[in-house]
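The values are calculated or read from the model by the stated rules, or taken from the named source; none is laboratory data. Bear in mind the structure is a predicted one, so any value in this text is a computation, not a measurement. Note: ideal-geometry Cβ built from the backbone for every residue, glycine included; neighbour counts use all protein chains shown.
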Protein chains: 2
Amino acid sequence: MDIEHRKIKKNIRFIRESGDPLGNSQIHISQTNHAFLFGCGAFDFIPYVMNKEERYKQLTDSWLEIFNYATLPFYWGGYEPEEGKPNYDKLMKTAKYLQSKGVKVKGHPLCWHTECAKWLMKYDNDTILKKQLERIDREVTGFAGIIDMWDVINEVVIMPVFDKYDNAVTRICKEKGRVSLIREVFARAHESNPDAILLLNDFNTSVNYEILIDGCLNAGVPISAIGIQSHQHQGYWGREKLEEVLERFSGFGIPIHFTENTLISGDIMPSFIEDLNDWQVDSWPTTPAGEERQAKEIEEMYRILFAHPLVEAITTWDYTDGAWLKAPSGFVREDGSRKPSFEMLKKLVKQEWWTDFTVTTDADGHATVEAFKGDYHIDCGIRRADASFSDDMDPVITVGI
Amino acid sequence: MDIEHRKIKKNIRFIRESGDPLGNSQIHISQTNHAFLFGCGAFDFIPYVMNKEERYKQLTDSWLEIFNYATLPFYWGGYEPEEGKPNYDKLMKTAKYLQSKGVKVKGHPLCWHTECAKWLMKYDNDTILKKQLERIDREVTGFAGIIDMWDVINEVVIMPVFDKYDNAVTRICKEKGRVSLIREVFARAHESNPDAILLLNDFNTSVNYEILIDGCLNAGVPISAIGIQSHQHQGYWGREKLEEVLERFSGFGIPIHFTENTLISGDIMPSFIEDLNDWQVDSWPTTPAGEERQAKEIEEMYRILFAHPLVEAITTWDYTDGAWLKAPSGFVREDGSRKPSFEMLKKLVKQEWWTDFTVTTDADGHATVEAFKGDYHIDCGIRRADASFSDDMDPVITVGI
């Protein structure tokens, strides 16, 4: 598969601060970050940052060996269990810690019928909507600069007909209709932070979701990227389905994020289960054969997605086994030990798709550089510069001390 | 079921041209037309109007005993088999004849992937779209005043993925996306005749169609009414499904038209057939038991729809047995004889839901009138007036000669 679009290939001129060329010099070009977003759920960073527990220290440090993109939980019910008392502090501290490690943070989600605040249900629909929009404004404004990426609204295809239990968000979605609600929540998020990347996110990859996106885009909803969930507890989609989904959702011409990817390393869940949450087991062990399979499936999937020009992010949902549904869905086992999928993905992200090499410039300071898009250290002897390699980068790099 | 919303109940004052009240007078109020649109396919009017064939005279005269709303065929392939030579004349003559009989006419459809003009396929997509929009402008402008109701675009849910055969409209829908194409064709139709009633029409009554409508309305598409097809060759939906469909599509708060209703009076088509057009039989007889069943099902369905406040029109697709798919789907048999469904529907439309009575005014000319909405003759002795009874009617009627 062609991944040339993930790289720059440019003639770059290296100069000193004086403007003189760094002619006939050895320039060491070493990548420090990817432009592509390799993401993972980062819920475990919260107890680490708040309590500095050793178990979480180990987990989060190994997490940082691969990923540059974190999803943090903003479920309204958990974030603000009592009205007016949001858990701002722990989310802000955790987000800042991740940012300090070069990790981009996404908040998930601002509006969803599941994990919704129960106290909302005492209000009438107009008040619920008002509070929903205020909540969006509070989070998006309050975290701007630290979190500039949001799953604005989650699982809207099912939202107005969700009937497992009554909840405030299904009520307003039923009354307003899907596209109207999406339009309002996106408008508010965009107003609160015009630079934010705003996602619509769904597990439904059928024509329903296509038509919903089509309607939203035509209604002027500022969707920055299409979020696609891919929890594969019931078995790997396989290349054919994955390519078919990419084909259908790339027709809109806007970026695609795989927001919630799961591939498990144990027995797969029976196919008769319709809502994954209905599969409640006491334990769900990881197995050696399952771990090999998981690593192979993750490799194939990441290679297909990395090759697709519109895909900008892949987030694996669970970092550690035994989280959601107790599934063996992580890159590390419950004891923190690394699974084959960890080693495989690290090799892809930090080796095969990673650039670290030395070029020699000509007399005028020019050299041709081919490198994966991202952030770099440029070293020439004791001189260093930081640079970002992208399609529209400045082709002159000043290497100072 | 409550049908009070189909009636006016008003205190009306009857006066002479001089302004004097028609006090203590007998006023005969006789309905001449329904506000509600009782429709039927009117394709058989074309050979009658063009060739005055006796067989069609009989058919069309009996058609006029019940219906006040006609669907005429504007399938692009049939209407303009050779580019630049549309069958304007016969459609215009037929539409004018129907109008002269008090029948409102709808053109069906302006854009559809089936029955599309084959000659379009030699053009590139930009040209196809341009010709599609010009075609819309030509028909909507050309027939304005005679035809002010259009099925603007038909079966868009399946349109971009329709794969039975290549056609020009699927090509442009695939390229532009559903909502964008809908927006363009509606914009052009609306521009060509701002007073026209413009319908989106589909056989898909799933959540797909709901989301499509939701997106279109939020994108500002001027949809006057939601068109729902209900071809029930595979058996009557039944009250439960019908009410469920009404419940879901009434959420948008705009009028609903049942545009293509079919209930058959013979054996029903097997349920494994997915595209009704795949059921090709040599003959499909009507049966006495089937005719009784059909009449009962039509009665139940019309009663449910007439009672629903947002339903404004019900169109049965075939007037005569043996038309589409050779099905026994008509109100009359192939020999023109009337089926029980004809007698039943005529009784509903022209008797049970029809107003014809005499009131006596008080000294000041007032009388309370309760009547189905529609057009009326108001007679007082040899004096006559025409009046329309509607919610916003003028409650003073001048009865002249």
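For B:Lys122, state whether it is within 18 Å of B:Asp44 (Cα to Cα), surrounded by fewer than 23 Cβ atoms within 10 Å (Cβ to Cβ) and of a type outside the set (S, T, N, Q). So B:Lys122 does not fit the description; no.
Is it true that A:Val311 is in contact with a Lys or Arg (Cβ under 6 Å, 6 or more places away or on another chain), in contact (Cβ under 8 Å) with a residue 40 or more places away in the chain, of a type in the set (A, V, I, L, M, F, W, C) and within 25 Å of A:Gly107 (Cβ to Cβ)? Judged against the criteria, A:Val311 is not a match. Inside the stretch A:197-232, can you point out the residues that are among the small types (Gly, Ala, Ser), within 14 Å of another protein chain (Cβ to nearest Cβ) and under 22 Å from the mean Cα position of the chain (by Cα)? A:Ser206, the sole residue that qualifies.
Test A:Phe342 against the criterion of being part of a helix (DSSP H, G or I), in contact with a Gly (Cβ under 9 Å, 6 or more places away or on another chain) and over 21 Å from A:His108 (Cα atoms), and give yes or no. Yes.
Comparison of B:Val359, B:Val332, B:Val399 shows that the only residue that is modelled with pLDDT under 95, more than 24 Å from B:Met1 (Cβ to Cβ), among the hydrophobic types (A, V, I, L, M, F, W, C) and surrounded by 14 or more Cβ atoms within 10 Å (Cβ to Cβ) is B:Val399. The residues of the stretch B:12-66 that are touching a strand residue (DSSP E or B) at 6+ places or on another chain (Cβ under 8 Å), small (Gly, Ala, Ser) and farther than 26 Å from B:Lys350 by Cβ amount to a single one, B:Ser25. Determine whether the stretch B:251-264 contains at least one residue that is assigned to a strand (DSSP E or B), surrounded by 15 or more Cβ atoms within 10 Å (Cβ to Cβ), of a type in the set (A, V, I, L, M, F, W, C) and modelled with pLDDT of 95 or more. So far as the stretch B:251-264 goes, yes, one or more of its residues are assigned to a strand (DSSP E or B), surrounded by 15 or more Cβ atoms within 10 Å (Cβ to Cβ), of a type in the set (A, V, I, L, M, F, W, C) and modelled with pLDDT of 95 or more. When residues in the stretch A:219-239 are screened for being surrounded by fewer than 15 Cβ atoms within 10 Å (Cβ to Cβ) and farther than 24 Å from A:Gly266 by Cβ, 1 of them pass. I'd like the full set of residues that are among the charged types (D, E, K, R) and either in contact (Cβ under 8 Å) with a residue 12 or more places away in the chain or over 30 Å from B:Gly290 (Cα atoms) (or both), limited to the stretch B:341-383. Those that are among the charged types (D, E, K, R) and either in contact (Cβ under 8 Å) with a residue 12 or more places away in the chain or over 30 Å from B:Gly290 (Cα atoms) (or both): B:Glu343, B:Lys346, B:Lys350, B:Asp356, B:Asp362, B:Asp364, B:Glu370, B:Lys373, B:Asp375, B:Asp379, B:Arg383. Here is the figure for the stretch B:162-179: residues that are of a type in the set (A, V, I, L, M) and either within 14 Å of chain A (Cβ to nearest Cβ) or surrounded by fewer than 23 Cβ atoms within 10 Å (Cβ to Cβ) (or both) total 2. From the list B:Tyr97, B:Tyr75, B:Tyr88, B:Tyr79, the lone residue that is touching a helix residue (DSSP H, G or I) at 6+ places or on another chain (Cβ under 6 Å) and modelled with pLDDT of 95 or more is B:Tyr97. If only residues of the stretch B:358-384 that are within 28 Å of the chain's Cα centre (by Cα) and not hydroxyl-bearing (Ser, Thr, Tyr) are counted, the one that is farthest from B:Ile304 (Cα to Cα) is B:Ile378. Kindly provide the set of residues from the stretch B:276-330 that are in a loop (DSSP other than H, G, I, E, B), closer than 25 Å to B:Phe45 by Cα and not aromatic (Phe, Trp, Tyr), ordered by number. Correct list: B:Ser283, B:Pro285, B:Thr286, B:Asp318, B:Asp321, B:Gly322, B:Ala323, B:Ala327, B:Pro328, B:Ser329, B:Gly330. If you go through the stretch B:305-325 and keep only what is over 25 Å from B:Leu64 (Cβ atoms), at pLDDT 95 or above and buried (at least 16 other Cβ atoms within 10 Å of the Cβ), you end up with B:His308, B:Leu310. Against the list (1) touching a Lys or Arg at 6+ places or on another chain (Cβ under 7 Å); (2) surrounded by 19 or more Cβ atoms within 10 Å (Cβ to Cβ); (3) of a type outside the set (Gly, Ala, Ser), the condition A:Met50 fails is (2).
Can you say whether A:Met159 is among the aliphatic types (A, V, I, L, M), crowded, with 19+ Cβ neighbours inside 10 Å and within 14 Å of chain B (Cβ to nearest Cβ), as far as the supplied structure shows? Against the criterion (among the aliphatic types (A, V, I, L, M), crowded, with 19+ Cβ neighbours inside 10 Å and within 14 Å of chain B (Cβ to nearest Cβ)), A:Met159 qualifies.
Restricting the stretch A:120-163 to residues that are without any contact (Cβ under 8 Å) to a residue 40 or more places away in the chain and assigned to a loop (DSSP other than H, G, I, E, B), which is nearest to A:Ile256 (Cα to Cα)? Out of the qualifying residues, it is A:Gly145. One residue alone among A:Asp364, A:Asp391, A:Asp335 is within 28 Å of A:Ile197 (Cα to Cα) and either among the acidic types (Asp, Glu) or touching a strand residue (DSSP E or B) at 6+ places or on another chain (Cβ under 7 Å) (or both), and that residue is A:Asp391. Taking the stretch B:187-215 as the range and being over 21 Å from B:Asp148 (Cα atoms) and either touching a strand residue (DSSP E or B) at 6+ places or on another chain (Cβ under 6 Å) or not acidic (Asp, Glu) (or both) as the test, the residues that pass are B:Phe203, B:Asn204, B:Thr205, B:Ser206, B:Val207, B:Asn208, B:Tyr209, B:Ile211, B:Leu212, B:Ile213, B:Gly215. Among the residues of the stretch B:1-52, those identified as in a strand (DSSP E or B), touching a Ser or Thr at 6+ places or on another chain (Cβ under 6 Å) and within 29 Å of B:Ala313 (Cα to Cα) are B:Asn11, B:His28, B:Gln31, B:Gly39, B:Cys40, B:Gly41.
Can you confirm whether the stretch B:180-196 contains a residue that is among the aromatic types (Phe, Trp, Tyr), more than 8 Å from chain A (Cβ to nearest Cβ) and either in contact (Cβ under 8 Å) with a residue 40 or more places away in the chain or in contact with a helix residue (DSSP H, G or I) (Cβ under 7 Å, 6 or more places away or on another chain) (or both)? Looking through the stretch B:180-196, none of the residues is among the aromatic types (Phe, Trp, Tyr), more than 8 Å from chain A (Cβ to nearest Cβ) and either in contact (Cβ under 8 Å) with a residue 40 or more places away in the chain or in contact with a helix residue (DSSP H, G or I) (Cβ under 7 Å, 6 or more places away or on another chain) (or both).
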